[in-house]
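Beneath this line is the structure, given in structure tokens, with notes to follow.
The values are calculated or read from the model by the stated rules, or taken from the named source; none is laboratory data. What you see is a predicted model, and the numbers here were worked out from it, not measured in a lab. Cβ coordinates were reconstructed from backbone atoms using ideal geometry, including for glycine residues, and neighbour counts include every protein chain displayed. Side chains included, ligands, DNA and RNA excluded: accessible areas come from the protein's heavy atoms. Shrake-Rupley method; radii C 1.70, N 1.55, O 1.52, S 1.80 Å.
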Amino acid sequence: MSKYDVLIIGGGVTGTSIARELSRYKLEIAILEKEEELAFGVSKSNSGIIHPGTQNPPSSLKGKLCVQGNLLTRKIAKELGVDFKEVGELIVIFKEEDMPRLLEIKKEAEALGIPKLKIVDKKWLAKHEPNLNKDIIAALYAPSAGIKKEFGNLPRFHIGAVSDNKDPNQIFESRFVINAAGLYADEISAMVGINDFKITPRKGEEYLLDKKLAKLTNHLIFPLPSPTSNGILVIKTSDGNPMIGPTAEDQIDKQDKSTTEAGMKKVLENVQRIVPKISKDNIIAYFAGLRPVSGKDFIIRHEDKVPGFISVAGIQSPGLTAAPAIALLVVKLLKQNGLALKKKILFFHKHRKPTVHLFAMPVEKAKALTKKDPAYGDIVCRCEMVSAKEIRDAIKRGAKTLDGIKFRTRCQSGRCHGGFCTTRAMKILAEELAMPLTEVTKRGKGSEIIKESRKQ
Amino acid sequence: MIKRELIVVGGGPAGMAAALSAYENGVKDILLLERDQFLGGILNQCIHTGFGLQHFKEDLTGPEFADRLIIKIKAIKADKAIEVSLQSFVVKLTDRKVVTYLKPGKFEEVQAKAIIMATGCRERTREMIPIPGDRPAGIFSAGLAQKMINIEGWLPGKEVVIIGSGDIGLIMARRFTLEGAKVKAVVEIQKESRGLVRNIVQCVQDFDIPLYFRHKIKRIIGHDRVEKVEVVAVDENLNEKPETAFDITCDTVLVSVGLIPENELIEMAGAEIEDLNTTSIPGIFSCGNSYKVYDLADSVTRDSEKAGKQAAEYLKRI
Ligand SMILES: Cc1cc2nc3c(=O)[nH]c(=O)nc-3n(C[C@H](O)[C@H](O)[C@H](O)COP(=O)(O)OP(=O)(O)OC[C@H]3O[C@@H](n4cnc5c(N)ncnc54)[C@H](O)[C@@H]3O)c2cc1C
Ligand SMILES: Cc1cc2nc3c(=O)[nH]c(=O)nc-3n(C[C@H](O)[C@H](O)[C@H](O)COP(=O)(O)OP(=O)(O)OC[C@H]3O[C@@H](n4cnc5c(N)ncnc54)[C@H](O)[C@@H]3O)c2cc1C
């Protein structure tokens with residue numbers, strides 16, 4: 001039996017953010033994650049938006065944590081060498097009669113402390129967003145909205161050294177347990193007799209557009225929010241490909257992440273109303289994710305009925321943005337309930353070196369680097385120009401599957417969808433992790449890529 | 001910066017034929033850049049016969065066809081007349097004809113007086129059709145599966161459904177069958193195949209593989225690995241007939257729905273493809289499958305020889 005001070009169930013953005021915050025202190029911490037890699041649950045399919053916090057009631061926990069998380073993310077992105085770009089968001093309206101609602105959203109957002117909000121008119125929009133539907137009459141502009149590179153990736157970087165533990169059926173003992181199990185948080189809580197919330201998966205389908213449309217919009221463009229979601233939007237991503245979506249459909253199945261014809265139709269119809277230029281032919285990839293929804297707000301509390309047990313549940317959107325703030329709140333709850341926090345003096349590894357991509361640096365530097373390490377000149381993924389060196393680095397940083405490599409390096413995520421580079425990426429993975437090729441998977445056990453290897 | 005007369009990008013049949021013909025037409029300073037470790041391009045993975053009937057008047061496999069060209073290139077003894085640089089991946093082309101390429105340990109920029117782009121094509125993907133449903137392991141483009149079987153010696157799947165009845169799809173139906181896998185269906189949305197009659201007979205009918213015309217894959221289902229596909233018949237206007245829907249269980253879906261010329265470098269230089277082998281920038285040419293998608297390697301070779309001549313003539317003119 002292994003003893004810990006804090007056990008965290010779930011290694012998504014929430015769990016890993018909490019772990020990182022706790023690793024500032026002299027504590028024994030463990031994350032228990034059922035998937036092959038960290039952030040392969042809900043966190044795998046987010047849009048990469050660091051929301052400013054608009055469209056949340058001022059009294060809500062998620063509103064407050066989102067505003068705080070937006071600020072904290074900037075700092076953490078710097079520490080971990082991840083690109084963060086402040087692009088701003090626009091919530092657009094088509095009719096004068098929607099103006100009162102827009103002003104109300106502005107007022108609520110101001111109450112939450114969101115900076116530099118303003119209403120912009122048609123003239124401003126024509127200048128800054130030429131591709132918007134000309135029928136749009138005004139928008140609420142929130143400049144603090146941001147996007148970050150490598151969506152889904154920030155959480156994976158939150159924790160420095162992780163030691164993998166593959167021993168089956170171990171018993172972990174701890175004074176404190178944090179339930180950050182995403183879609184399964186209700187089932188985990190039920191195990192200790194807490195039954196007052198249920199998690200409903202709310203599906204969001206997203207569609208990625210061709211990089212050629214990189215200049216489609218300059219901001220994140222939202223329609224006026226509806227009761228079930230913030231609406232289907234046009235998302236600027238730092239990789240260039242615009243993204244459209246997500247839908248918001250409640251379902252029962254916690255595993256069904258399929259996309260549907262109806263979903264695609266709905267997304268297209270909605271975004272074409274905002275940016276008429278978008279067409280079905282622009283779509284190059286698509287996926288769906290499930291938001292863990294329980295009522296309208298996050299549930300973050302110490303369960304007094306079960307001392308030492310903390311629920312962090314219902315972390316729907318904007319969970320990615322709020323994660324660093326959620327972590328601070330959880331640490332506070334732990335302290336209030338008796339966890340002694342003694343700061344480490346030397347051993348908190350706050351910084352992480354940014355990843356190296358040959359084509360994101362000046363030519364002279366790239367030349368010098370390829371000379372120094374030939375593997376930089378060995379391109380594996382020709383669409384996104386990812387080198388063998390970058391792939392090996394990604395594996396050293398924790399990638400164990402093809403998806404893990406894809407999310408870290410973009411290898412296989414370009415125009416050819418892995419047509420050219422899959423075999424090479426598989427071979428590098430098998431070599432680095434000393435496993436047979438037949439055990440290389442897309443995203444964990446059961447998703448093996450090939451059935452047999454006949455070459456000795 | 002290093003200067004050359006002619007740079008050919010791509011060492012498939014198109015690039016090799018263009019380089020050889022440029023040489024025969026008087027160009028004596030040619031740099032041939034190929035990304036892969038070998039010359040031959042996609043031919044290396046096409047181990048079936050049917051190549052060369054027109055060009056060499058012989059029935060050859062893909063690698064044999066490539067070999068004929070490789071031998072000719074190797075036979076040229078004059079220094080640098082055709083210099084082949086392998087593992088050399090071109091990442092940039094400018095309108096001033098500067099080519100940037102990477103090879104292990106090297107990051108080079110070379111300027112040429114003329115350039116022939118022969119970068120081939122890539123395959124259309126599931127995402128481009130687009131087929132809704134799950135995104136499990138077990139979905140491959142036909143060319144990727146061909147590479148896995150013929151080059152790597154791997155078997156990607158055991159129960160296969162193939163989307164598209166073009167030549168590549170048909171050939172892969174036979175290839176999987178010969179490897180001991182079961183091809184459960186070839187599904188084609190059109191009313192007939194674009195492929196050669198000989199391939200329909202020899203690759204599908206001879207093995208009793210069901211070929212469904214006017215049918216489409218409506219959905220791919222499977223959590224970790226492909227489990228089944230939903231198939232539905234369509235009418236002449238390609239509208240679905242919902243009452244006809246049925247499932248086929250399988251562990252693999254092969255997507256063979258066409259090819260697209262790889263023209264990103266030409267676009268990067270700001271050029272556009274024009275008439276046979278030419279682009280809007282004088283002195284930058286494009287041939288083979290990067291110019292347009294050809295059915296046969298023979299026709300690629302024939303037209304690419306013209307490109308070599310066109311480049312030689314251009315170099316004499318300037
Ligand atoms: C389509 C979509 C788009 C989104 N876009 C944005 C956005 O742009 N900006 C934003 O701020 N937010 C966004 N969100 C919301 C955000 O992604 C989530 O709020 C966040 O990822 C939730 O993280 P989590 O760590 O709480 O959950 P998860 O990432 O699901 O982590 C929980 C982990 O627990 C593991 N687990 C479950 N049960 C067990 C068990 N029994 N034992 C061990 N491990 C277990 C799971 O495998 C999982 O990895 C989006 C969500 C979706 C679905
Ligand atoms: C999967 C597949 C199967 C096919 N099967 C058949 C068949 O059975 N019979 C038939 O007649 N035809 C077949 N074809 C058509 C075939 O492509 C042509 O017949 C012929 O091989 C095309 O020659 P090419 O030289 O234009 O292209 P390719 O043979 O594709 O050669 C292009 C070369 O350019 C290189 N290259 C690309 N980009 C760069 C870069 N940036 N820098 C350096 N080098 C680069 C590539 O590595 C490649 O070697 C098939 C095509 C595909 C895609």
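Quick one: in region A:417-456, which of the residues that are touching a residue at least 40 places away in the same chain (Cβ under 8 Å) and on the phi > 0 side of the Ramachandran plot is nearest to the other protein chains (Cβ to nearest Cβ)? Give the steps one after another, and end with the answer.
Residues of region A:417-456 touching a residue at least 40 places away in the same chain (Cβ under 8 Å): A:417, A:421, A:424-425, A:428, A:432, A:441-445, A:447, A:449.
Then drop every residue that is not on the phi > 0 side of the Ramachandran plot, which leaves A:417, A:444.
Values: A:H417: 4, A:G444: 7 Å.
Restricting to residues being touching a residue at least 40 places away in the same chain (Cβ under 8 Å) and on the phi > 0 side of the Ramachandran plot, the top hit is A:H417.
Given the condition in a strand (DSSP E or B) and closer than 30 Å to A:F197 by Cα, answer yes or no: does some residue in region A:262-272 qualify?
No, because not a single residue in region A:262-272 is in a strand (DSSP E or B) and closer than 30 Å to A:F197 by Cα.
For region B:162-177, indicate whether the set of residues that are touching an Asp or Glu at 6+ places or on another chain (Cβ under 6 Å) and either under 22 Å from B:I200 (Cβ atoms) or within 14 Å of chain A (Cβ to nearest Cβ) (or both) is non-empty. Break it down stepwise before answering.
Applying the first criterion (touching an Asp or Glu at 6+ places or on another chain (Cβ under 6 Å)) to region B:162-177 yields B:165.
Applying the additional criterion that residues be either under 22 Å from B:I200 (Cβ atoms) or within 14 Å of chain A (Cβ to nearest Cβ) (or both) yields B:165.
Within region B:162-177, one or more residues are touching an Asp or Glu at 6+ places or on another chain (Cβ under 6 Å) and either under 22 Å from B:I200 (Cβ atoms) or within 14 Å of chain A (Cβ to nearest Cβ) (or both).
Please tell me if A:A360 is under 30 Å from the mean Cα position of the chain (by Cα), among the small types (G, A, S) and either within 14 Å of chain B (Cβ to nearest Cβ) or buried (at least 17 other Cβ atoms within 10 Å of the Cβ) (or both). Steps first, answer last, please.
Working: under 30 Å from the mean Cα position of the chain (by Cα): yes; among the small types (G, A, S): yes; either within 14 Å of chain B (Cβ to nearest Cβ) or buried (at least 17 other Cβ atoms within 10 Å of the Cβ) (or both): yes.
Here the answer is yes, as A:A360 does meet what is asked.
Is there any pair with a first residue in region A:39-62 that is under 25 Å from A:A139 (Cα atoms) and a second that is among the acidic types (D, E) and open to solvent by 10 Å² or more (accessible area, probe 1.4 Å) whose Cβ atoms are under 6 Å apart and which are 6 or more apart or on different chains, and what are they?
Listed by first residue and then by second, the contacts come to A:P58/A:E108; A:S60/A:D297; A:K62/A:D297.
Please find, within region B:38-53, the residue that is farthest from B:I71 (Cα to Cα) out of those that are of a type in the set (A, V, I, L, M) and within 6 Å of ligand 2 (Cβ to nearest atom).
B:I42
Looking at B:L43, B:L31, B:L69, B:L39, which is the one that is outside any helix (DSSP H, G or I), more than 14 Å from chain A (Cβ to nearest Cβ) and either within 16 Å of ligand 1 (Cβ to nearest atom) or under 20 Å from the mean Cα position of the chain (by Cα) (or both)? Before you say what the answer is, go through the steps one by one.
Details: B:L43 fails: outside any helix (DSSP H, G or I); B:L31 fails: either within 16 Å of ligand 1 (Cβ to nearest atom) or under 20 Å from the mean Cα position of the chain (by Cα) (or both); B:L69 fails: outside any helix (DSSP H, G or I).
Exactly one residue qualifies, and that residue is B:L39.
So B:K292 ticks every box in (1) near ligand 2 (Cβ under 8 Å from one of its atoms); (2) open to solvent by 60 Å² or more (accessible area, probe 1.4 Å) but one. Which box is left unticked?
(1)
Take residues that are open to solvent by less than 10 Å² (accessible area, probe 1.4 Å) and among the charged types (D, E, K, R) and tell me which of the strands (runs of 3 or more DSSP E) falling wholly in region A:3-98 contain 1 or more. Spell out how you get there, then give the answer.
Working: elements: A:29-32, A:84-86, A:89-93.
Those strands (runs of 3 or more DSSP E) span A:89-93.
Return the residue satisfying two criteria in turn: it lies in region A:413-440 and is open to solvent by 40 Å² or more (accessible area, probe 1.4 Å) and at pLDDT below 95, and of such residues it is farthest from B:K147 (Cα to Cα).
Checked region A:413-440; the qualifying residue farthest from B:K147 (Cα to Cα) is A:R415.
Please work out if A:K85 is within 14 Å of chain B (Cβ to nearest Cβ) and more than 16 Å from ligand 2 (Cβ to nearest atom). Before you say what the answer is, go through the steps one by one.
Working: within 14 Å of chain B (Cβ to nearest Cβ): no; more than 16 Å from ligand 2 (Cβ to nearest atom): yes.
No.
Each row is one residue, and each column tells you yes or no for (1) more than 14 Å from chain B (Cβ to nearest Cβ); (2) open to solvent by less than 10 Å² (accessible area, probe 1.4 Å); (3) acidic (D, E); (4) away from ligand 2 (no atom under 16 Å from the Cβ).
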residue: A:D297; (1), (2), (3), (4): yes, no, yes, yes
residue: A:E303; (1), (2), (3), (4): yes, no, yes, yes
residue: A:A325; (1), (2), (3), (4): yes, yes, no, yes
residue: A:K372; (1), (2), (3), (4): no, no, no, yes
residue: A:Y376; (1), (2), (3), (4): no, no, no, yes
residue: A:R382; (1), (2), (3), (4): no, no, no, no
residue: A:K389; (1), (2), (3), (4): no, no, no, yes
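Given the condition closer than 30 Å to A:L132 by Cα, within 13 Å of ligand 1 (Cβ to nearest atom) and away from chain B (no Cβ under 13 Å), answer yes or no: does some residue in region A:261-284 qualify? Don't jump to the end; show me each part of the working.
Our first condition is that a residue be closer than 30 Å to A:L132 by Cα; within region A:261-284, this holds for A:261-284.
Next, from what is left, pick out any that are within 13 Å of ligand 1 (Cβ to nearest atom): A:263, A:267.
Add one more test, that the residue is away from chain B (no Cβ under 13 Å), and what stays is none.
Within region A:261-284 (the criterion being closer than 30 Å to A:L132 by Cα, within 13 Å of ligand 1 (Cβ to nearest atom) and away from chain B (no Cβ under 13 Å)), the answer is no, since none of the residues qualifies.
Starting from residues that are more than 17 Å from A:G314 (Cβ to Cβ) and of a type in the set (F, W, Y), keep the ones in region A:189-227 and report whichever is farthest from ligand 2 (Cβ to nearest atom).
Checked region A:189-227; the qualifying residue farthest from ligand 2 (Cβ to nearest atom) is A:F222.
Working only within region B:2-27, note down all residues that are modelled with pLDDT of 95 or more and either more than 17 Å from B:S290 (Cβ to Cβ) or within 16 Å of ligand 1 (Cβ to nearest atom) (or both). If you could, list the steps in order and put the result at the bottom.
Within region B:2-27, the subset modelled with pLDDT of 95 or more is B:3-27.
Selection gives B:K3, B:R4, B:E5, B:L20, B:Y23, B:E24, B:N25, B:G26, B:V27.
Can A:V234 be described as of a type outside the set (S, T, N, Q) and in the same structural domain as A:L65 (by TED's automatic domain parsing)? Working first, answer last.
On the way: of a type outside the set (S, T, N, Q): yes; in the same structural domain as A:L65 (by TED's automatic domain parsing): no.
Judged against the criteria, A:V234 is not a match.
Could you list, in sequence order, all residues of region B:82-119 that are open to solvent by 20 Å² or more (accessible area, probe 1.4 Å), in contact with a Phe, Trp or Tyr (Cβ under 9 Å, 6 or more places away or on another chain) and under 17 Å from B:F285 (Cα atoms)?
Once the filter is applied, which keeps residues that are open to solvent by 20 Å² or more (accessible area, probe 1.4 Å), in contact with a Phe, Trp or Tyr (Cβ under 9 Å, 6 or more places away or on another chain) and under 17 Å from B:F285 (Cα atoms), region B:82-119 yields B:K92, B:K113.
For region A:163-222, give me each residue that is among the polar types (S, T, N, Q) and open to solvent by less than 10 Å² (accessible area, probe 1.4 Å). It would help to see each step written out before you state the result.
First pass over region A:163-222, keeping only residues among the polar types (S, T, N, Q): A:163, A:165, A:169-170, A:174, A:179, A:189, A:195, A:200, A:217-218.
Passing the criteria: A:N179, A:S189, A:T217.
Going by what's in this entry, would A:I326 be described as at negative phi and in contact with a Ser or Thr (Cβ under 8 Å, 6 or more places away or on another chain)? Outline the logic, then answer.
On the way: at negative phi: yes; in contact with a Ser or Thr (Cβ under 8 Å, 6 or more places away or on another chain): yes.
In short, yes.
Here are A:E21, A:E33, A:E79, A:E89: which of them is away from ligand 1 (no atom under 14 Å from the Cβ) and not polar (S, T, N, Q)? Quick ask: steps written out before the conclusion?
On the way: A:E21 fails: away from ligand 1 (no atom under 14 Å from the Cβ); A:E33 fails: away from ligand 1 (no atom under 14 Å from the Cβ); A:E89 fails: away from ligand 1 (no atom under 14 Å from the Cβ).
Of A:E21, A:E33, A:E79, A:E89, the one residue that is away from ligand 1 (no atom under 14 Å from the Cβ) and not polar (S, T, N, Q) is A:E79.
Given the conditions (1) farther than 29 Å from A:A185 by Cα; (2) of a type in the set (G, A, S); (3) modelled with pLDDT of 95 or more, and given that A:G295 satisfies all but one, which numbered condition is not satisfied?
(1)
Filter region B:173-226 down to the residues that are hydrophobic (A, V, I, L, M, F, W, C), in a strand (DSSP E or B) and within 28 Å of A:S453 (Cα to Cα) and list them by number. Walk me through it before giving the result.
Taking region B:173-226 and keeping what is hydrophobic (A, V, I, L, M, F, W, C), we get B:173, B:176, B:178, B:181, B:183, B:185-187, B:189, B:196-197, B:200-201, B:203-204, B:207, B:209, B:211, B:213, B:217, B:220-221, B:226.
Applying the additional criterion that residues be in a strand (DSSP E or B) yields B:183, B:185-187, B:211, B:217, B:220-221.
Passing the criteria: B:V183, B:A185, B:V186, B:V187, B:I220, B:I221.
If I filter region B:196-235 down to residues being within 25 Å of the chain's Cα centre (by Cα) and over 23 Å from B:L178 (Cβ atoms), which single residue comes out as surrounded by the most Cβ atoms within 10 Å (Cβ to Cβ)?
So the residue we want is B:I217.
Would you check which residues across region B:238-277 are polar (S, T, N, Q) and open to solvent by less than 40 Å² (accessible area, probe 1.4 Å) and list them?
Across region B:238-277, the qualifying residues are B:T252, B:S256, B:N263, B:N277.
Show the residue pairs meeting these rules: Cβ distance below 6 Å; 6+ apart or different chains; first residue within region A:331-354 and open to solvent by 80 Å² or more (accessible area, probe 1.4 Å); second residue in a helix (DSSP H, G or I).
A:H351/A:E79
When you check B:D79 against the structure, is it farther than 28 Å from A:R424 by Cβ, free of Cβ contacts under 8 Å to residues at least 24 places away in the same chain, within 14 Å of ligand 2 (Cβ to nearest atom) and open to solvent by 50 Å² or more (accessible area, probe 1.4 Å), yes or no? Let's see the steps before the verdict.
On the way: farther than 28 Å from A:R424 by Cβ: yes; free of Cβ contacts under 8 Å to residues at least 24 places away in the same chain: yes; within 14 Å of ligand 2 (Cβ to nearest atom): no; open to solvent by 50 Å² or more (accessible area, probe 1.4 Å): yes.
For B:D79, the condition - farther than 28 Å from A:R424 by Cβ, free of Cβ contacts under 8 Å to residues at least 24 places away in the same chain, within 14 Å of ligand 2 (Cβ to nearest atom) and open to solvent by 50 Å² or more (accessible area, probe 1.4 Å) - is not met.
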